[in-house]
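The values are calculated or read from the model by the stated rules, or taken from the named source; none is laboratory data. Only a predicted model underlies this, so the values are computations on that prediction, with no experimental measurement involved. Note: ideal-geometry Cβ built from the backbone for every residue, glycine included; neighbour counts use all protein chains shown.
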Amino acid sequence: MEVESNVNLSMREVNCKLGMFTRPDGSVFISQGETAVIVGIYGPIEVKPHKILINKASVETHYCPKSGMPGIADKLCESILHNVCEAALASALYPRSSIVIIIQEMQNCGGIIPCAINACCLALLNAGTDMKFLFASASCGLDDEGNFHLDPDDLFLETAAASFIFVFDSIGKGLIASHTSGSFNLAQYQSALELCKKAAEGIFDFYKSTIKKDLKDKI
Amino acid sequence: MAKQFKSLHPTKFYRDYLNQDIRPDGRLVSKFRPVIINIGSIATADGSALVRIGKTTVICGIKAELCPPKPEKPNEGFLICNVELPPLCSSKFRPGPPSDLAQITTRFVADLILNSGCINLKDLCIVKEKLVWCLYADIICLDHDGCIIDACLLVLLTALKTVRLPVVQYDAAIDKKTIDASVKKCLNIYNTPVSTTYAMFEDKIITDPTTEEEEISSGLLTVVVKDKELCSIHKPGGSPLSEEKLYECINETVNHADLLITLINTAVSECNDDNKNC
């Protein structure tokens, strides 16, 4: 389906910094527009007895909001992050151990879930944990006139008719996760999927250049 | 022998079945479980329903209370959903604070009701800035055998359709409420969102999975539709899925939705025949 020309097809600026903490095995600070998160990875580390799995590593995800205790909205976000990371990690390589992923929200100006997912992937790369594939997330919003807006901020989301979050894998570009809000029809969903898939490819390139630069700096 | 084999190699057990396009419970891969809806199960509630999808059983009671509205939304009432997964329904849950799954389901169902616009909170307003209805929808799972989101959404929508609210007269000058319980009004439900869940197992898609199937699957997909429109496509991670398969699932849900909506409407209309004061 053709997308109108008056659509915002550019992502907000993505910046990141790798390995800024010394204690975690991998850490990243990532900002996507005004939204920013920090992710730290510990793993594989010793596992608590009640969480032990004999055939694979147990993946623990902790999403910490900017202030206060995690609410039920944060739990939903955490469950998506957990399932995405668990699918991507080659956890069968680390039986009887655990991989802990800590996501600290710094600022939420819309699109915290895609930003956190991308941060998790970069942090896992930084930690050097074995993965089956990389993953990248992109979001888009749909306004009342049916125009798509890539990587919407919170101002747009307030008035949006629908919003979509997608996570893709790096190998077959298959859909790992999909989360939507608002109502839409099938054609709109398909266009949103295509749009986000293109954006996700840009994020995979971003991973590559970031890791390349990081390795060059180390040498 | 099959029993021992199943507990030792659950994945292989299911793979052998699914390669023959049949499931251990005798269903085909793309077959839904029978759905049973009962209405007015709780006489003391303002609206109630009980839903069974296969063995999954959930019950929902709706309690209406009068309260003042929020200052920022003076003409809107409240609908507060709560999904409870007590230890009774499955060995996975322990007593104590709500489990993660219960919190996630609560949030997801509440979001769906809001997104679909099936209920207009302005209809719950009695006197602007003074008095509104607050509906507490408590959904309790009695038997957890997969597709908990589908069951919760179905039971909530059915229960909402059975809600009867008395007419309230409010005298602002002396802050006096007069409740006329003899005249009861239905709630306007603008559309009926219904959902179906799919589980991914290797390269197969299993429709309407049971708990066992959910546990061995590599990911779940929930599709919510209302009036031929999509309301949510929720895939919280898991193994990657191709787009063709995703669209197949969506089409299947759209076809199945008609059946579920007919079922809800039949149940509700029978209830309306019983008490004609609506």
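Here is the figure for region A:157-172: residues that are out of contact with any Gly (no Cβ under 6 Å at 6 or more places or on another chain) and buried (at least 17 other Cβ atoms within 10 Å of the Cβ) total 7. Among the residues making up region B:54-78, those that are modelled with pLDDT under 95 and among the hydrophobic types (A, V, I, L, M, F, W, C) are B:Ala64, B:Leu66, B:Cys67, B:Phe78. If the condition is being buried (at least 17 other Cβ atoms within 10 Å of the Cβ), facing chain A (nearest Cβ under 10 Å) and among the charged types (D, E, K, R), then region B:57-115 contributes B:Arg107, B:Asp111. On inspection, A:Ala90 does not qualify as closer than 17 Å to B:Asp100 by Cα, surrounded by fewer than 17 Cβ atoms within 10 Å (Cβ to Cβ) and of a type in the set (Gly, Ala, Ser).
Give region A:104-123 a look and list any residue that's within 14 Å of chain B (Cβ to nearest Cβ) and closer than 19 Å to A:Asp25 by Cα, or say none. Matches in region A:104-123: A:Ala116, A:Ile117, A:Cys120, A:Cys121.
Only residues that are buried (at least 24 other Cβ atoms within 10 Å of the Cβ) and touching a helix residue (DSSP H, G or I) at 6+ places or on another chain (Cβ under 9 Å) were counted across region A:115-128, and they come to 7. Is it true that some residue in region B:16-36 is closer than 15 Å to B:Leu156 by Cα and either within 21 Å of the chain's Cα centre (by Cα) or of a type in the set (S, T, N, Q) (or both)? Yes: one or more hits. Filtering region A:177-199 down to residues that are aliphatic (A, V, I, L, M) and within 12 Å of another protein chain (Cβ to nearest Cβ), which residue is farthest from A:Val84 (Cα to Cα)? That would be A:Ala187. Within region B:36-55, residues that are over 19 Å from B:Ile261 (Cα atoms) reach partners that are not in a strand (DSSP E or B) with beta carbons closer than 7 Å, at six or more positions or on different chains, in the pairs B:Asp46/B:Val163; B:Lys55/B:Asp145. Residues in region A:95-109 that are surrounded by fewer than 24 Cβ atoms within 10 Å (Cβ to Cβ) and either within 14 Å of A:Ser170 (Cβ to Cβ) or not hydroxyl-bearing (Ser, Thr, Tyr) (or both): A:Pro95, A:Arg96, A:Val100, A:Ile102, A:Gln104, A:Glu105, A:Met106, A:Gln107, A:Asn108, A:Cys109. In the set (1) under 30 Å from A:Asp25 (Cα atoms); (2) buried (at least 22 other Cβ atoms within 10 Å of the Cβ); (3) more than 13 Å from chain B (Cβ to nearest Cβ), the condition left unmet by A:Pro152 is number (1).
When B:Ala137 is tested against (1) in a helix (DSSP H, G or I); (2) of a type in the set (A, V, I, L, M); (3) under 23 Å from B:Pro87 (Cα atoms); (4) in contact with a helix residue (DSSP H, G or I) (Cβ under 7 Å, 6 or more places away or on another chain), only condition (1) is not met. Here B:Lys3 fits the description: out of contact with any strand residue (DSSP E or B) (no Cβ under 9 Å at 6 or more places or on another chain), at negative phi and among the basic types (Lys, Arg). Residue check, B:Asn265 against (1) at pLDDT 90 or above; (2) closer than 25 Å to A:Gln188 by Cβ, all met but one. Which one? The number of the failed condition is (2). Within the bounds of region A:167-176, is there any residue that is outside any loop (DSSP other than H, G, I, E, B), of a type in the set (Phe, Trp, Tyr), within 12 Å of chain B (Cβ to nearest Cβ) and touching a helix residue (DSSP H, G or I) at 6+ places or on another chain (Cβ under 6 Å)? For region A:167-176, residues outside any loop (DSSP other than H, G, I, E, B), of a type in the set (Phe, Trp, Tyr), within 12 Å of chain B (Cβ to nearest Cβ) and touching a helix residue (DSSP H, G or I) at 6+ places or on another chain (Cβ under 6 Å): present. Listed by first and then second residue, the pairs linking a residue in region A:139-160 that is outside any strand (DSSP E or B) to a residue that is among the basic types (Lys, Arg), with Cβ atoms under 6 Å apart and 6 or more places separating them unless they lie on different chains, are A:Asp151/A:Arg12. The set of residues from region B:207-238 being surrounded by fewer than 21 Cβ atoms within 10 Å (Cβ to Cβ), within 7 Å of another protein chain (Cβ to nearest Cβ) and of a type outside the set (Asp, Glu) comprises just one member, B:Gly238.
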